[in-house]
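Here is the structure we will look at.
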Amino acid sequence: MINTSVDLMTLDVRHWLKSNWPDHPQWMQGKEIPEKAVLQSFIAEFAKPSIKDQLHHHLRALGRTPFLQLNRAIAVACCAANAKSKEFVHIQSNQSVLMIAAVDLGFAEYVFTELLAEVRQRQTFGVPLVRNQHVEFTLAELQAKLFAFEALWELAVENPELPANLELFQSLGLPLIHKLVDQYLQFAGGRGYLKGHGAEFAFRQVVVG
Amino acid sequence: MNQFLLGDHPTPAFWKFEGAEQLRAHINKTFDRFLMPAAKTTTQCNYHQLIAALRSEQLSGLRYAKEKGGTGAGLAAQAMFAESLGRIPSGGIGMALTIHLDMVAPFIDQYGAPEQIERFLMPALRGEILLSHAVSEPGAGSDVTNLATTATRDGSGWRICGHKTMISLASLADVHFVIARLADYRAPFNMVNFLIPKDTPGLRLGNVWPALGNAQCPVSDIFFDDLWIGDDCRLGMPGMGMINQLQQFAQERILSSLRANQVAYQCLARAAQWTYTADQQLQTLIAEWQASRALTYKAMQHWLANGEYLSLSSSSKLISSRLARSASLFALDLARQHSKGDVNSLQTCVADARLFSISTGSDEMMLKSIAATEKY
Ligand SMILES: Cc1cc2nc3c(=O)[nH]c(=O)nc-3n(C[C@H](O)[C@H](O)[C@H](O)COP(=O)(O)OP(=O)(O)OC[C@H]3O[C@@H](n4cnc5c(N)ncnc54)[C@H](O)[C@@H]3O)c2cc1C
């Protein structure tokens, strides 16, 4: 079971990953794992009196790493910190929704990038997988949905005074992430099913984790 | 639920200009007065009259400069017009006005010589002439670059031979925009565009094709039997026909998406009255509608800022077309299940909305375009 309660001030990401995924140390090597300092810079952002535009974008960037569950936990912790900050009370729930959505968006972008790299690099029947129309169209379809999710999120971030609806982002973001992860596993073939591959790790977190 | 659908949602920056809300109200009021009654009759509506009526309300040429017969209100205002067209319960009227005002007229505006502006664009905005857009051929629908209609230089003009198929408004239009192939030119610089008046000798119309929907926008074939046309009817440089056309397609897709999103919205607003708020399918469709709308606005924003919008425009066309289909079907199913609402009008809506995924670039062509633009 993954521990989603995170204290940002004390979080050591490597340690957190080790205790939550003890069987993945080999795969984690060479992956970008957010440093404690990065997380602390988020908290510093919260301390600033301006609206936290940058924070959203930082969270999205953080989301573009393989650790959806951890990053969501971090976003939740950011929301909790946000709640303590009185001057943002009126936009607080709005901001929380967008913070979690930022991480989801980043993760969707990460999976899409990995998926594209996979189908470009893998050759079958003498051509890269992506040269098959089914594969190409599946990717284009997912990318169009990703663009739509991104556009909705950006519009909401640009209009912080309006209510953002959590269900709305979840009913778009989660199915998109599921579909992306599922296709990633599918197009990665047998190798994607094996531990050590990003597709297996993504599927484990999102679908069966 | 209606409150949620209709309530506050972010307005894109390009619609925050002064007078935007008044303009929207004026467009809606004018459409209610002139387009709604036309949408509800079964007789063929008179587009010359409709466009003249829009003209009298300063709405037929929002995107065109005053000196070219427009109102100079700009593209953002035109986008508002395009979105509001989706309120009209007749896909045919929406499509006809889009072809006339947002597919052919922009071409004349952009590439027309001053005499062509005066001869074609200005009367078109006054409703004196109606324009059709003749690209598709029996062997060249999705694969537009494969078209077989030829244009050959002949004295001070051109000889045109070929056959265009499924051309909306062909039977009603006074002037046809036609794209043809040039023999000795290399692709993609091997096409040329023309504006061909309907009474030009050698032009022959096929019968109107009965169709699934879009009743107010009849389709027919057009044949060019060794037709001769003067060079004054050539639009743009010889060789640049397809390049110019592809650029215009990308822009038109954004306006078509605005309309498709609005069609979806109208269906969801109706469906919301017939089901409970937490209906999962409704919730999902609302979320998809919000996202589709945001994507279209982003594409529009990029177009207005002269930015990169090819992928956004194709994605937006794909997503909004699919949404218009699923939202209209959802509303129709609910209306049937609960014996509510006007099932007939929703059947029309489903049949009309189905065309979004086929014409002006099918869903599959949008997928191809995204893959090509993103260089998979
Ligand atoms: C009501 C109506 C109004 C129309 N109005 C106009 C008009 O005003 N002007 C005009 O020029 N045309 C018009 N058209 C024609 C329309 O643009 C074409 O129908 C459309 O471009 C598709 O071409 P096609 O019918 O030849 O289908 P095809 O190109 O034969 O395609 C058949 C199917 O195969 C898919 N397909 C094609 N190529 C590929 C590929 N490489 N990979 C995967 N799938 C592919 C297509 O998406 C489609 O689903 C109209 C059509 C209709 C039905």
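The values are calculated or read from the model by the stated rules, or taken from the named source; none is laboratory data. Remember, it's a predicted structure, so these values are computed and weren't measured experimentally. Don't worry about glycine lacking a Cβ; one is built from the backbone with ideal geometry, like all the others, and counts go over all protein chains shown. Please note that ligands, DNA and RNA were not included when accessible areas were found on the heavy atoms of the full protein model with its side chains. Shrake-Rupley method; radii C 1.70, N 1.55, O 1.52, S 1.80 Å.
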Please tell me the relative contact order of region B:228-376 in percent, rounded to the nearest whole number, where contacts are Cα pairs under 8 Å and at least six residues apart. 29
Show me B:31-43, B:277-289 ranked by packing, highest mean number of other Cβ atoms within 10 Å first. B:277-289, B:31-43
Once the piece of chain linking A:Glu158 and A:Lys179 is laid out straight, how much longer is it, given 0.36 nm per residue of separation minus the C-alpha distance between them? 4.8 nm
Mean separation of Cα contacts under 8 Å, 6 or more apart, over the residue count of chain B: relative contact order %: 15
At a Förster radius of 41 Å, what calculated FRET efficiency corresponds to the Cβ-Cβ distance of A:Gln123 and B:Glu128, to the nearest 0.05? 0.10
Relative pair counts by distance (%), Cα atoms of chain B, 20 Å bins: 29, 59, 12, 0
In a shell of Cβ-Cβ distance under 13 Å around A:Gln183, excluding A:Gln183 itself, what net charge do Lys and Arg (+1) and Asp and Glu (-1) give? -3
In chain B, what % of DSSP beta bridges are antiparallel (nearest 5)? 80
Add -39500 (n - 2.57) for each DSSP H run of 4 or more in the protein assembly as shown, then divide by its residues: what number comes out at 222 nm, to the nearest 500 deg cm²/dmol? -17500 deg cm²/dmol
On the accessible surface of region B:132-240, probed at 1.4 Å, how many percent belong to carbon and sulfur atoms? 57
per DSSP, antiparallel bridges as share of beta bridges in the protein assembly as shown, % nearest 5, sits at 80
Taking the Cβ of A:Val135 as the centre, find all other residues whose Cβ is under 12 Å away and add up their charges (Lys, Arg: +1; Asp, Glu: -1). 0
For a label point 7 angstrom out from the Cα of B:Cys161 toward its Cβ, which stretches of region B:229-268 have the backbone nitrogen within less than 15 Å? B:229
For region B:181-268, listing chymotrypsin sites (Phe, Trp or Tyr not before Pro) in a DSSP loop whose Cβ sees at most 16 other Cβ atoms within 10 Å gives B:Tyr185, B:Phe189
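Given R₀ = 25 Å, FRET efficiency for B:Glu21-B:Ala65 by Cβ-Cβ distance, to 0.05?
On the way: r = 24 Å, r/R0 = 0.96.
E(calc), rounded to 0.05, equals 0.55.
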Compactness index (Cα Rg / 2.2 N^0.38 Å), the protein assembly as shown: 1.07
How many nm is it between the label spots at A:Glu167 and B:Ala13, if each spot is 7 Å from the Cα in line with the beta carbon? 3.2
B:Gly239: net charge of surrounding residues, Cβ under 14 Å, Lys/Arg +1, Asp/Glu -1, itself excluded? +3
Using 0.36 nm times the number of residues separating B:Gln337 and B:Glu364, minus their current alpha carbon distance, what extension gain do you get? 6.5 nm
Taking Cα pairs closer than 8 Å and at least 6 residues apart, the relative contact order of region B:132-240 in percent is 31
Backbone N within region B:229-245 under 17 Å of label point (7 Å from B:Ala183 Cα along the Cβ vector): B:229, B:239
Which Cα, out of A:Pro175, A:His57, B:Phe224, lies furthest along the positive dipole direction of the protein assembly as shown (beta carbon charges, K/R +1, D/E -1)? A:Pro175
Calculated FRET efficiency, B:Asn46 and B:Asp143, Cβ-Cβ r, R0 45 Å, to nearest 0.05? 0.80
